[in-house]
Each structure stands twice: as structure tokens, then as C-alpha cells.
Amino acid sequence: MRKLTYLAILAALLLLALPLTGYLLLRGSLPRLDGELRESGLEKPVSITRDARGVPTIAAANRLDLAYATGFAHAQDRYFQMDLARRHAAGELAELFGRVALDEDRKTRLFRFRSLARAVVAAANARQRAVLESYARGANAGLASLDTRPWEYWLLRQRPAPWRPEDTVLVEYAMWWDLQASGFPREILRREINAHLGGGECSYGWKCALGFFYPHGTSWDAPATTATPASVAAAITVPEREVLDVRAGPQSQRSPEPAAHTPAAGSNSWAVGGALSASGAALIANDMHLGLRVPPVWYHARLLTPGSASEPALDLNGVTLPGTPLLVAGSNRHIAWGFTNSYGTWLDVEKLPCAALSQHVLLTPAGSVPLTVVREEIRVRGEPPVTLEVVSAPDGLLLRADPTQHTCWFGSWLAQLPAATNLNLMDLENARSVEEALALAPGIGIPHQNAVIGDESGHIAWTIFGRIPAGGGSGRVRGVLPWTTAAEHPRILDPPLGRLWTANAQVTTDERELQLIGGDLAALGAEYNLGARAGQIRDDLLALHDKLTPADMLRIQLDDRAVFLARWRTLLLSLLDAESLRAHPQRAQFRSLVERWKAQASVDSVGYRLVRAYHDRTQQSVWQMLLHALDVHAENPAAPEQFEGPLWQLVTTQPLHLLSQQYADWPQFLRAQVDDTIAELENSCASLARCNWGARELVRVRHPLSRALPWLSALLDMPALELPGDHDMPRVQDGSMFGASERFAVSPGHEDEGYLTIPGGQSGHPLSPYYRAGFLAWAHGDRLPFLPGPAQHTLQLKPD
């Protein structure tokens, strides 16, 4: 009996020991925040202080020590995030996660970004290489300073690989991928549509109506900065007779399910000149829209050096990107800047007829095309390596081969040119004026961004940060053209309105600059985003007149008014007349809720959700109807952003020859979309009256490991919330998939008056008090200080 008692006690102790061991391992990877450490990679002492939210102030004697300490802090708080970013770009996730990540690795490894990153490091100047090397040493020291490896690696039963200088460039390539790679399937679909329409110039009818990928101007009341832009709907004509007749072909007998909408990468940024601001300095506001995750994309920090005879003093405030040693967006006390993704012709595809495809040659009706094959080895956890053959031709990389159709698609991308990527954004640290920043712009090698800049003297400007080929033609993205110079590069300086705004739509109206951005597609608009969001920002800014403050900027960032959908509500109310409601009680309820809508994307708005659902279903039904008539099969069946202009013209002018023969007229088709929308909503809501916008999709900001380990979700994820906002308004929110990755507004020289919030805490460790710090402020639209607060922890790093 006594023996059984001992065994029971032993078993109980073992059961207690397992979670205790797990807790101790987890706690062992918390970073050290106080005290003194001796580090061999430093020239002089460095201090890392953290405030009540964990925001660090990193003070060093020189730029190299600052890079070291920045890498140290990043690795302490975010090493796993850094590791995922470099592995994603390099196509090395399967080495960490196994076969589940192999398909994603194949996609990115095709572009051989690690080889490119090494070439970028080799081409960097001596100063930049020294900063990269110092950052890498600091990151490895920060990793080594933890008592145990970061907790994610314990769960994965892996060990973190050390950081290398080239890995910082891979983090930059990860941003290229996130911001531009989706252009390849769009370009393939555009070429397929053009081929079915017989090619040629867009001058009338269907060739213009299907110019929704690249319409001139925008398809909404548009946001051009220096002139009154034209709406694309006014420029598109749909004639009564056209070669293509949708009614002629066989049609599906049921409306298609709406495809999941994948928003294009986008952001908001604007500037107010000093004559309109309360401080007299320029006022910059920025909220970059990216995928939401734990930990957040950005790392809030203040970076300080005192200056010397060989180096100017630095006081950098804003957001850094873990894995890189520089400030991405924010202020250096003299200028402030923010970004939105710039759409343009940064990649291209070519379709070649291929009668046969062998290892070294492609046979076409016109002759043979030489091929180059590079074999890449993808390591897979727990399995033998997988070989990927990267095939390239003079027209680019082989993206897709279709033996049955005898077609091969080749792609080219500016990201594949080593000269398109560099560390020159670091030069912005020392810029003292808008003019100096504009002079730097052509040489900054990052994925192309609309940069809005303001200085302490009140000047404002827009330009593109990113290297731009100085011309068009088939060689534009293949490195055969020179890059633009400061004299050629797109720019707007101090516009008469005293305001500049970008929201991924067209900014400049200068034809030469549009040509530089769009290349041969400049006349068609170069993939600009739908202009509704930019137009609403413009109107909000023009409604403010003087003495503007950061608080005024936050009100615009949180604007969730339903300006874009108002015309669709009007359409619905006119469509659902008394006759159409007879014997249709569900339609009557639908109309009543729409009529009483709250004209904003607030969490409690039922009418907004109904109108949005109707718009999306109608858009998708018309889009698929057109693709079906053209016999085009799209990889991604979702309608593109710029389809709104042609769609609105179709539903308002209602040309019968462009309607499926399934319907007698357009009103019948449009009411059928109402019925399908009602059925869809009733399937997801208990009743139409309870279909509020916030319940459409909870915002779940999750850690990447919580999906595989749902039992840890409560520990790893941010609280799930209903949040306001939508795509086509300043407050952008698309459930968990997309939203403001940061919000800030600041005037250079007046940083103490600014604010900055990010959707999560500074630390990537769930036991840290800084893991969730700031998340609820971001969710509720509150302001948090742009500058770090008083120090609560101080860690001294001293040369060994």
C-alpha cells in the first residue's frame, strides 16, 4: 500500500513538473531589461531604456554602435519574427516547419532572393556594409543574451540560426514580395482578356469597358493632387452594338458565390503645409495597411546618437522593421515622412507559344529560345531536400507552362535586379529639408512607395521612393534602361492647396511622370487603387482650414463614413419599388433596413452590411458573367479593384446585349442579386435585423503558431473584437486580414505633440507585460505618445 502511495505521489510530481518545466523554459526566454552586459562588438557604451509600454530609447555614441544595439533589442523582443521574414523571402520556411510550408517556399525560391541579397550586400558601400555587419553582431548578441532560446523554437523543437548581414536584405525582399508579387496573376489575367478581345488599342466599347484593370484617372470621384480629375465612368462608353454579345453564349443557371476579396496592399498618408498647421511645421499623417499579426509588423523605437566631427547627431523616432537597422517611417526632428504602396509597372509577363520545352531550349513556331536552368535545394524538416529547377529565358523567369495549350508564361520584375534594392533609405536619417529628401529619392532602393514628406520649415512634398526605369518598352523591368535622376523623378513640391494625400490612387497629373510610373500602361492607369478612399481623405482635408493639429489627423484616419456606398444604397431603394416587394416580405425587410441605415461602417450598422453585401455580390456576378462570355478562366475569380467604374455604368445604363440570357432585363438580374444576398446573409445571421457590420468578421489578430496550436490561442493572440471600418474609406479594416499596421501623425521638431499606435505590443513574448501593451488603444482609435515615456528599465551594454 505504501508503495502505491509513493508511486501516486511520484506521478503527481511528474504531472506538476511538466507544466512547471514548460513555464520555466518559457520564462527563460524573456529578455533582460536592466543591469549591465559586456559585449565584444561595441566600440563605446550603449543604453537601452524602455518606458511603461516597452518602447525603447536606444542611445549610442556612433552609428555603428547604434546599429548593434538596435539589432540587440530587435532580437531580444522579436527574433522569431525576424527569422520568419528572412525565411519567407529566401524560400526556407520548410526547413523550420516541414512539408506544410513547401508550396510557399517554391513560390518565393523561384526568385532566388538569397542570391540577390548577397549581391546587394556586395554592392553596398563600405559604410552600409559596416552597419549591416554591426546590426547582425548585435542581433546575435541579443539572441545569446536570453537564458534560453526564444520560446517559439522550443515549441518547434528547433534552434534559431544566427543572423547574417544578407538577412537584413532578405527582410527587405519580404516586403517586395508582400507589396508587389500579387501583380503577376493580375498581369496574366489582363493579357488573357486582351488576347480574347483581339489586342489593339482601347478606343471604344468592350476594349474600353474591360480597361477596368488600368483606367485612366480613377473610377470614383478622384483624388488627384493638383487638378480636378475625370471619373473613369464618364470616359467609358458601352455601345448598343458590339462584336461581343454576352447573351449569345451558354449561361449558368445560378448566381455565383462571391469570391473571397483579397485587398491590394494599400495605405493612407497625407501632408499639411506649415501655413495650415498649428505649429508652423509640416504635419505628416500615415497609416500603412498590411496584414495584422502577432507580434505587429513594426517596432516602435527612438534611436539617438550625440554626433561627432565625422557623424551628425541622430534623433530618429517612429517605426522600425525588425531585421533592419534603420527607421522606416517617422521623424528625424527635421523632416517627417510616411508611405503608401505605389502601383505602377514594376513587373511584366510574356506569353510565348511553346511547342516543346526541354532542359535548355524552348521550341516555338518562330524558332528556339535558349533557356537557363538553376537548381535550388529546398531543405524540408524531417525529409530529404527537394530540388527546384528555376528556368529563365530572355523574357524572364518561367512562371507557368501549360503543355495542353502549348503556352508558357515568363515573368520579369524589378525586384530581380540587384541595383533595385539597397540600404539608401538610411541616408534619409540625415536629411534636413524636403529638398534634400527629394534629391535622395531616385537612389532609394525599396519596393516602390508614395513618400509624403514634410519639414520643420513647413514645406511638403510627394515623390516615389524606389528606383524607376527612365522609359518604357519591353525592357523596362529587365534592367536595360538607366534609372531616373533627381531631375526626372516624379515629385510634387508645395502644391497651392497646401495639402498632399496618397491612398494608392493616382497622385500626379503630369504626363511624363505618369509615363515613368506606368510605362507602356500609363494611358491605362497602371493599376491604381480605386479612388474612393483618397477622395474621402481629400474632402476631409479640404474641410479643415487652419491651425491643424495631430488630433485633426486622427479624426480623418478614423473616418468610417459610407460615402462610397451611398450611391449603391440609392440604387437599391429605387430598385426595390412597391411592385417588386409584393409577395416578397424578405425584400421588404431588406429595403426597410437599408432605408434606415447608419451611413458608416460602424460595428452596429445593419444597413451598411446589407448594402456592402449587395454591392459585392452584384460586382462578382457581373464580373464572372463577363469572364464567362470571354471564355477566360481566372486563377483568382475575384473582381479587380478598378472594376467599379465599368460596373456602375453597366448597372445604370443597363445595355441588354451585355446581360446574360438567363435574365429578361437588368432589373430582374439586379433583384436576383438582392435575393441571393438575403439568402447569404440569413445563412450567417439569425435574422437580417441582427446582421450588424461588426459581426461580419471578428478582428482576430493572431500569432502564426496559434493556428497550429489552438489550445494556446488565449495566451498568444490579441482579444477578438468587432471593429469599425472597411476598404473604401479612410478607416480601413477587413477583419483579421487587413488593417492599419500603425497610425501616426507628427510635425518634425514637435514630436512631443504627435501620436503613434500599433496593433499590439513591443514584445513578442506572451509573458512580457509589453506583449499586448497598446493593442486596445489601437483598436479603440486612441492616441498614444509618439515619443517614448520616462524610462522604467535601463540596460547598459559595454564593450568587452
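The values are calculated or read from the model by the stated rules, or taken from the named source; none is laboratory data. Quick caveat, the model's predicted, so the values are computed rather than measured. When we count neighbours, we look across all protein chains shown, and the Cβ atoms used for this are built from the backbone with ideal geometry, even at glycine. With ligands, DNA and RNA removed, areas are computed over all heavy atoms of the protein, side chains included. Shrake-Rupley method; radii C 1.70, N 1.55, O 1.52, S 1.80 Å.
Which residues, counting only those in the stretch 654-678, are open to solvent by 30 Å² or more (accessible area, probe 1.4 Å) and within 37 Å of the chain's Cα centre (by Cα)? Once the filter is applied, which keeps residues that are open to solvent by 30 Å² or more (accessible area, probe 1.4 Å) and within 37 Å of the chain's Cα centre (by Cα), the stretch 654-678 yields 654, 671, 675, 676. Only one of the numbered conditions (1) surrounded by fewer than 18 Cβ atoms within 10 Å (Cβ to Cβ); (2) polar (S, T, N, Q); (3) within 24 Å of the chain's Cα centre (by Cα) is not met by residue 387, and that is (3). Here the strands (runs of 3 or more DSSP E) wholly within the stretch 430-496 that include at least 2 residues being open to solvent by 30 Å² or more (accessible area, probe 1.4 Å) and in contact (Cβ under 8 Å) with a residue 24 or more places away in the chain are 491-493. The set of residues in the stretch 695-710 being among the hydrophobic types (A, V, I, L, M, F, W, C) and modelled with pLDDT under 90 consists of 708, 709.
Taken together, the criteria exclude residue 100 from residues that are touching a Ser or Thr at 6+ places or on another chain (Cβ under 6 Å) and either at pLDDT 95 or above or part of a helix (DSSP H, G or I) (or both).
Quickly run through the stretch 57-77 and pick out the residues that are over 14 Å from residue 33 (Cα atoms) and of a type in the set (D, E, K, R). Listed by number, the residues that qualify are 63, 65.
Once the stretch 330-346 is narrowed to residues that are surrounded by 21 or more Cβ atoms within 10 Å (Cβ to Cβ), touching a helix residue (DSSP H, G or I) at 6+ places or on another chain (Cβ under 9 Å) and of a type outside the set (S, T, N, Q), the residue that is nearest to residue 411 (Cα to Cα) is 346. Please indicate, with yes or no, whether at least one residue in the stretch 474-485 is touching an Asp or Glu at 6+ places or on another chain (Cβ under 6 Å) and not charged (D, E, K, R). Yes, there is a match, as at least one residue in the stretch 474-485 is touching an Asp or Glu at 6+ places or on another chain (Cβ under 6 Å) and not charged (D, E, K, R). Scanning the stretch 355-372 for residues that are within 35 Å of the chain's Cα centre (by Cα) and surrounded by 14 or more Cβ atoms within 10 Å (Cβ to Cβ) yields a single hit, 371. Inspect the stretch 587-600 for any residue being among the polar types (S, T, N, Q), open to solvent by less than 30 Å² (accessible area, probe 1.4 Å) and within 11 Å of residue 689 (Cα to Cα) and give the result as yes or no. Looking for residues that are among the polar types (S, T, N, Q), open to solvent by less than 30 Å² (accessible area, probe 1.4 Å) and within 11 Å of residue 689 (Cα to Cα), one finds none in the stretch 587-600, hence no.
Scanning the stretch 314-329 turns up no residue that is surrounded by 13 or more Cβ atoms within 10 Å (Cβ to Cβ), at pLDDT below 95 and within 30 Å of residue 753 (Cβ to Cβ).
Answer yes or no: is there a residue in the stretch 42-52 that is surrounded by fewer than 19 Cβ atoms within 10 Å (Cβ to Cβ) and of a type in the set (D, E, K, R). Yes, the stretch 42-52 contains at least one residue that is surrounded by fewer than 19 Cβ atoms within 10 Å (Cβ to Cβ) and of a type in the set (D, E, K, R). Answer yes or no as to whether residue 532 is of a type outside the set (Lys, Arg) and either in contact (Cβ under 8 Å) with a residue 40 or more places away in the chain or in contact with a Gly (Cβ under 9 Å, 6 or more places away or on another chain) (or both). So residue 532 fits the description; yes.
With respect to the conditions (1) out of contact with any Lys or Arg (no Cβ under 6 Å at 6 or more places or on another chain); (2) closer than 29 Å to residue 180 by Cα, residue 365 lacks only one, and its number is (2). Scoring residue 504 on the criteria (1) surrounded by 22 or more Cβ atoms within 10 Å (Cβ to Cβ); (2) under 25 Å from residue 284 (Cα atoms); (3) modelled with pLDDT of 95 or more leaves a single failure, condition (3). Residues in the stretch 349-361 include none that are under 20 Å from residue 174 (Cβ atoms) and touching a residue at least 60 places away in the same chain (Cβ under 8 Å).
Residues in the stretch 121-139 that are open to solvent by 10 Å² or more (accessible area, probe 1.4 Å) and either touching a strand residue (DSSP E or B) at 6+ places or on another chain (Cβ under 8 Å) or of a type in the set (A, V, I, L, M, F, W, C) (or both): 121, 122, 123, 124, 126, 130.
Of the residues making up the stretch 298-313, just one is open to solvent by less than 10 Å² (accessible area, probe 1.4 Å) and not in a strand (DSSP E or B), namely 298.
Out of 97, 72, one residue alone is among the aromatic types (Phe, Trp, Tyr), in contact with a helix residue (DSSP H, G or I) (Cβ under 9 Å, 6 or more places away or on another chain) and open to solvent by 10 Å² or more (accessible area, probe 1.4 Å). It is 97.
If you go through the stretch 396-423 and pick out every residue that is assigned to a helix (DSSP H, G or I) and either touching a Cys at 6+ places or on another chain (Cβ under 9 Å) or touching a residue at least 60 places away in the same chain (Cβ under 8 Å) (or both), you end up with 5.
Can you find even one residue in the stretch 638-654 that is over 29 Å from residue 594 (Cβ atoms) and of a type in the set (S, T, N, Q)? No, every residue in the stretch 638-654 fails to be over 29 Å from residue 594 (Cβ atoms) and of a type in the set (S, T, N, Q). Selection over the stretch 562-586 of residues that are free of Cβ contacts under 8 Å to residues at least 60 places away in the same chain, open to solvent by 60 Å² or more (accessible area, probe 1.4 Å) and part of a helix (DSSP H, G or I) gives a count of 5.
Among the residues of the stretch 140-147, is there at least one that is within 28 Å of residue 380 (Cα to Cα), among the hydrophobic types (A, V, I, L, M, F, W, C), part of a loop (DSSP other than H, G, I, E, B) and open to solvent by less than 30 Å² (accessible area, probe 1.4 Å)? Scanning the stretch 140-147, I find at least one residue that is within 28 Å of residue 380 (Cα to Cα), among the hydrophobic types (A, V, I, L, M, F, W, C), part of a loop (DSSP other than H, G, I, E, B) and open to solvent by less than 30 Å² (accessible area, probe 1.4 Å), so the answer is yes.
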